Amino acid sequence: MSQYPNSYYATSLSQQKDDLPTLIDDHECDLCVIGGGFSGLSTAIEAAERGLKVILLEQNIIGWGASGRNGGQIWNDVAWGIDGIEKKYGLKHAMQLWNISQAAVDLIDERIKSFNIECDKKSGGIHAATSLSKFKEYENDLKYKLKTYNYDKLEVLDKAKADHEIGSSLYYGGILDRGAGHLHPLKYAIGLMNAALSLGVKVYENSPAKTILQNINDIEVLIENGKVNAKKIAVCCNAYIEGLNLGIENKVMPCETYIVCTEPLNIDLQKNILPNDYCVSDTNFDLNYYRLSESKRMIFGGAVGYSLKNVEGLKKRTKKQLNRVFPQLKNIKVDYIWGGLIAITVNRVPDIGMINEKIFYAQGFSGHGVAFTGIAGKILAENIVSGKTSEMEAFEKIKHRNFPGGRLFRMPLLVTISAMQRMMDIFNV
């Protein structure tokens, strides 16, 4: 794939990305990174800053996968919720992961500043409650996080305040997180690519890894017309890990989510819909997540599907969800629809670890990848250069189960669970 999918992100780039070469012949390096999304680029940047000779291989073009297609929302915490971590693994472990997740959010601002990345970054996000019981949970969660985790960036929004900040009467209230935010993900991915190149990373596109061979002294990564001999490798393929046969593929399940982008809102609509430019994520199982672009288009995601064959059906379904949240947008035109794979783990916590002393990996960001991929790359690089860190050990303590049924039955299982959860959302169960 030498082009991005037809999305608002691709057509709104301020300048087109330079084409990068395909790897041919034989190469040697300290670290070979497989995957040119946020996590792979972050790993390459961090490793190069620590003095390693790095080669990065991307099977398509940089940011082609979820990193260049996602909703662009920045949140701390893990998708499971830090309370779930605390109940199962204890407060000390939960506190460590919470601090890592907060460092992940801060790292985005650090990278934007350090490498002068222009990516339309905005601050603030709202968790919107679709039921009264969930709103009560939010109130309790705010008090607990302030007391236990010393996180003081949260504000309870009652129904009236939520209606005003969102521009929708659908919700029972919400939580404003001033530490959250949103950005243009494809611009950010290209910014990370340029940062990696500036640090001497050799980046190759249209260079899929076919086979990984473990030798006594190095790892051999075979490409169609060449190979890389590396002292160590970092596998950052996420939903696209199929075929590498490393024993971690069944720890994640790829699923496809879809986003629509409307025509620009007129001035009157802009005054009442997300007037402070916050992003929003609600509490449905197949959650709605949305924000305004820099050009004041509504970017609205949430429909989970399993094929882009019925594009018009998906567009209609997602637009129906958009109309339910914002009836005032009923007559607005949808200019774009696109989809892409994300990877989830059974427990919705990222799977970050090492297979052995030469093979490291990060995957399964479960919808929290905009922030967590960056810190994952930093964790991998620190362990590659300096040996195992406490941050890596914190993730290794989280036990990841294989999805039942293997590849053939993972997707039908997800379809069944999603259908049941959507029914529960409808009836506010």
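The values are calculated or read from the model by the stated rules, or taken from the named source; none is laboratory data. Keep in mind that this is a model prediction, so the values were computed, not measured. Backbone-built Cβ (ideal geometry, glycine too); neighbour counts: all protein chains shown.
When restricted to residues that are in contact with a helix residue (DSSP H, G or I) (Cβ under 6 Å, 6 or more places away or on another chain) and outside any helix (DSSP H, G or I), region 38-64 contains 5. Among the residues of this structure, D26 counts as one that is out of contact with any Asp or Glu (no Cβ under 9 Å at 6 or more places or on another chain), part of a strand (DSSP E or B) and touching a residue at least 12 places away in the same chain (Cβ under 8 Å). If you go through region 369-379 and keep only what is under 16 Å from V349 (Cβ atoms) and either small (G, A, S) or over 16 Å from the mean Cα position of the chain (by Cα) (or both), you end up with G369, A371, A376, I379. Hey, N284 hits all of (1) surrounded by fewer than 22 Cβ atoms within 10 Å (Cβ to Cβ); (2) modelled with pLDDT of 95 or more; (3) polar (S, T, N, Q) but one; which does it fall short on? Failing condition for N284: (2). In a residue-by-residue description of region 76-88, the property of being buried (at least 17 other Cβ atoms within 10 Å of the Cβ) and modelled with pLDDT of 95 or more applies to no position. Filtering region 155-164 to residues that are crowded, with 18+ Cβ neighbours inside 10 Å and either in the same structural domain as A44 (by TED's automatic domain parsing) or part of a loop (DSSP other than H, G, I, E, B) (or both) leaves nothing. For G173, the conditions (1) outside the structural domain of L322 (by TED's automatic domain parsing); (2) at positive phi are fulfilled apart from (1). Going through (1) closer than 28 Å to V228 by Cβ; (2) free of Cβ contacts under 8 Å to residues at least 60 places away in the same chain; (3) not polar (S, T, N, Q) one by one, K92 falls short only on (1).
Being under 18 Å from S12 (Cβ atoms) and crowded, with 19+ Cβ neighbours inside 10 Å holds for only one residue in I61, I126, and it is I61. Scanning region 387-398 for residues that are in contact (Cβ under 8 Å) with a residue 40 or more places away in the chain and either farther than 18 Å from N76 by Cβ or crowded, with 23+ Cβ neighbours inside 10 Å (or both) yields S390, M392, E396, K397. For L287, the conditions (1) assigned to a loop (DSSP other than H, G, I, E, B); (2) free of Cβ contacts under 8 Å to residues at least 12 places away in the same chain all hold with the exception of (2). Residue under question is I108, and the condition is that it be within 17 Å of the chain's Cα centre (by Cα), in a helix (DSSP H, G or I) and under 18 Å from P185 (Cα atoms); does it hold? Considered against the rule, which asks whether it is within 17 Å of the chain's Cα centre (by Cα), in a helix (DSSP H, G or I) and under 18 Å from P185 (Cα atoms), I108 comes out as yes.
Take the conditions charged (D, E, K, R), touching a Lys or Arg at 6+ places or on another chain (Cβ under 9 Å) and not assigned by TED's automatic domain parsing to the domain that holds I223 and apply them to D26. Does it pass? So D26 fails the test. Of all the listed residues (G226, G179, G167, G200), the sole one being among the small types (G, A, S), out of contact with any Pro (no Cβ under 8 Å at 6 or more places or on another chain) and not assigned by TED's automatic domain parsing to the domain that holds L56 is G179. Among the conditions (1) outside the structural domain of N60 (by TED's automatic domain parsing); (2) under 17 Å from E242 (Cα atoms), R324 misses just one, which is (2). When the residues of region 334-364 are filtered to those that are out of contact with any strand residue (DSSP E or B) (no Cβ under 7 Å at 6 or more places or on another chain) and under 23 Å from W80 (Cα atoms), the one that is surrounded by the fewest Cβ atoms within 10 Å (Cβ to Cβ) is R348.
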